[in-house]
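**Student:** Quick one: structure below, then a few questions.
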Amino acid sequence: MNFSGKRVLITGGSRGIGKACAEAFAKRGAKVAINFVHNAEAAQKTLDGLDGEGHTLVQTDVSKPELIEKMIANTVKALGGLDIVVNNAGVSQRHSIDKVDYEEWQESWDRILSVNLRAPANVIYWATQYMLQHGGGRIVNVSSRGAFRGEPEMPAYGASKAGLNAMTQSLAQKLAPENIYLGVVAPGFVETEMVTHVLEGEMGDSIRNQSTTGRVAKPEEVAYAVIFLAAEESKFSTGTIIDVNGASYLRG
C-alpha cells in the first residue's frame, strides 16, 4: 500500500503502537504529524527515526477540548493538509469497584473517558470539518478487545473502548457519502515498553498463553491493521473493527 503524498496525524504517536504507526506510514511515503503531551524527548526520537521528510511534532493534550481545533489547524499548516487521522492516544488505570472509594471511582471514569472517548470524538469533529471541505479522508481509531470481553478491574476502560467502537460505526454510516471512511483496530495485549515489567513479571506467561500462539502482539502488527483501514483500497471496509489479539478472544 502506497501512501505517497498523504498527510497523517497520529495521536499518542511517540511510543508503542503510535510509534509503530508513524513508522509504517512514513515507510510508505506519507508525511506524519506525531502528537504527544509531555515526553518531548521520546517524540523527537521517533520523529528523527522516520523515513522520508516533512514530518512534524504536535504537542497537545487531547483531553482538553479547547485545544483540538488548534491542533488540527497546526497539523494542516505543518503538513500542507490532512488526509488520515489515527486516534491512538489512550489511558488505563485500575479502579476495581470493590477496592476504590467513590472519589477515586469518579476520578477514574472522568480521566479515562476524557482521553479514550471524548478526545477521539473531538479530534474527529475538527478533522471532519477540514475533510468535508477537502475531498474526504480516513479516520482509524485504536480500541481494545476489552470492549468485547469486559475489563472487571477497569470498567471505565472497557466502556470507553466500547463507546469508541459504537461512535466509529455511527460516523462511518454518516460520513461515507462525504468520502470520509472510518475503522477500528482492537488489539489484545501488545508488547510495548510501557508493559515490559508486566510481561517480565509473574503474570507474563499467563498473559502470553491467552493466545495459542504463546505470545502477545507486536506494535508493528497492530500498525499493519491501521495501515489497511487507512488505505485507499479499503473504502468498502468502512465501519469495520479488526481484532488483533492472536485469537485470545473470539467474538461472534
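**Student:** Among the residues that make up the range 59-66, is at least one of them outside any helix (DSSP H, G or I), touching a Pro at 6+ places or on another chain (Cβ under 9 Å), at negative phi and of a type in the set (A, V, I, L, M)? Walk me through it before giving the result.
**Tutor:** Within the range 59-66, the subset outside any helix (DSSP H, G or I) is 59-64.
With the extra rule that they be touching a Pro at 6+ places or on another chain (Cβ under 9 Å), the set shrinks to 62.
Filter once more, so that each one left must be at negative phi: 62.
Keeping just the survivors that are of a type in the set (A, V, I, L, M) gives 62.
Yes: one or more hits.
**Student:** State the number of residues belonging to the range 96-124 that are buried (at least 21 other Cβ atoms within 10 Å of the Cβ) and either out of contact with any Ser or Thr (no Cβ under 7 Å at 6 or more places or on another chain) or in a loop (DSSP other than H, G, I, E, B) (or both).
**Tutor:** Final tally of qualifying residues: 4.
**Student:** Any idea which residue in the range 24-55 is surrounded by the most Cβ atoms within 10 Å (Cβ to Cβ), counting only those that are among the basic types (Lys, Arg) and either in contact (Cβ under 8 Å) with a residue 40 or more places away in the chain or in a loop (DSSP other than H, G, I, E, B) (or both)? Even if it seems obvious, please write down each step before you answer.
**Tutor:** Our first condition is that a residue be among the basic types (Lys, Arg); within the range 24-55, this holds for 27-28, 31, 45.
Within this subset, residues satisfying the condition of being either in contact (Cβ under 8 Å) with a residue 40 or more places away in the chain or in a loop (DSSP other than H, G, I, E, B) (or both) are 28, 31.
Details: 28: 18, 31: 23.
This residue is 31.
**Student:** Of the residues 137, 163, which single one is surrounded by 18 or more Cβ atoms within 10 Å (Cβ to Cβ) and out of contact with any strand residue (DSSP E or B) (no Cβ under 6 Å at 6 or more places or on another chain)? Lay out the reasoning, then the answer.
**Tutor:** On the way: 137 fails: out of contact with any strand residue (DSSP E or B) (no Cβ under 6 Å at 6 or more places or on another chain).
Exactly one of 137, 163 is surrounded by 18 or more Cβ atoms within 10 Å (Cβ to Cβ) and out of contact with any strand residue (DSSP E or B) (no Cβ under 6 Å at 6 or more places or on another chain), namely 163.
**Student:** For the range 134-252, which fully contained helices (runs of 4 or more DSSP H) count at least 2 residues that are touching a residue at least 40 places away in the same chain (Cβ under 8 Å), closer than 17 Å to residue 11 by Cβ and not hydroxyl-bearing (Ser, Thr, Tyr)?
**Tutor:** Numbers: elements: 146-149, 155-175, 196-199, 204-208, 219-230.
Fully inside the range 134-252 and qualifying: 155-175, 219-230.
**Student:** Filtering the range 122-158 down to residues that are of a type in the set (A, V, I, L, M) and out of contact with any Gly (no Cβ under 9 Å at 6 or more places or on another chain), which residue is farthest from residue 185 (Cα to Cα)? Spell out how you get there, then give the answer.
**Tutor:** From the range 122-158, those of a type in the set (A, V, I, L, M) are 123-124, 127, 131-132, 139-140, 142, 147, 154, 156; that's our starting set.
Next, from what is left, pick out any that are out of contact with any Gly (no Cβ under 9 Å at 6 or more places or on another chain): 123-124, 132, 156.
Working: 123: 17, 124: 16, 132: 24, 156: 19 Å.
Taking the candidates together, the pick is 132.
**Student:** Which residues, counting only those in the range 56-69, are acidic (Asp, Glu) and either within 17 Å of residue 2 (Cα to Cα) or in contact (Cβ under 8 Å) with a residue 40 or more places away in the chain (or both)? Full working, then the answer.
**Tutor:** Taking the range 56-69 as the starting set, the residues that turn out to be acidic (Asp, Glu) are 61, 66, 69.
Residue satisfying the conditions is 69 alone.
**Student:** Give the residues of the range 67-93 that are acidic (Asp, Glu) and either part of a loop (DSSP other than H, G, I, E, B) or in contact with a Lys or Arg (Cβ under 8 Å, 6 or more places away or on another chain) (or both), sorted by residue number.
**Tutor:** From the range 67-93, those acidic (Asp, Glu) are 69, 83; that's our starting set.
Within the range 67-93, just 83 meets the criteria.
**Student:** Hey, can you tell me all the residues within the range 4-13 that are outside any strand (DSSP E or B) and surrounded by 24 or more Cβ atoms within 10 Å (Cβ to Cβ)? Explain how you work it out, then say what you get.
**Tutor:** From the range 4-13, those outside any strand (DSSP E or B) are 4-6, 11-13; that's our starting set.
Those that are outside any strand (DSSP E or B) and surrounded by 24 or more Cβ atoms within 10 Å (Cβ to Cβ): 11, 12, 13.
**Student:** Since residue 247 meets every condition but one in (1) surrounded by 21 or more Cβ atoms within 10 Å (Cβ to Cβ); (2) more than 24 Å from residue 85 (Cβ to Cβ), which condition does it not meet?
**Tutor:** If we test residue 247 against (1) surrounded by 21 or more Cβ atoms within 10 Å (Cβ to Cβ); (2) more than 24 Å from residue 85 (Cβ to Cβ), just (1) comes out false.
Every number in this text was worked out from the coordinates using simple rules, so none of it is lab data. Nothing here was measured: the structure is a model prediction, and the numbers come from that model. Neighbour counts are summed over all protein chains in view; Cβ atoms, including those assigned to glycine, are modelled from backbone coordinates with ideal geometry.
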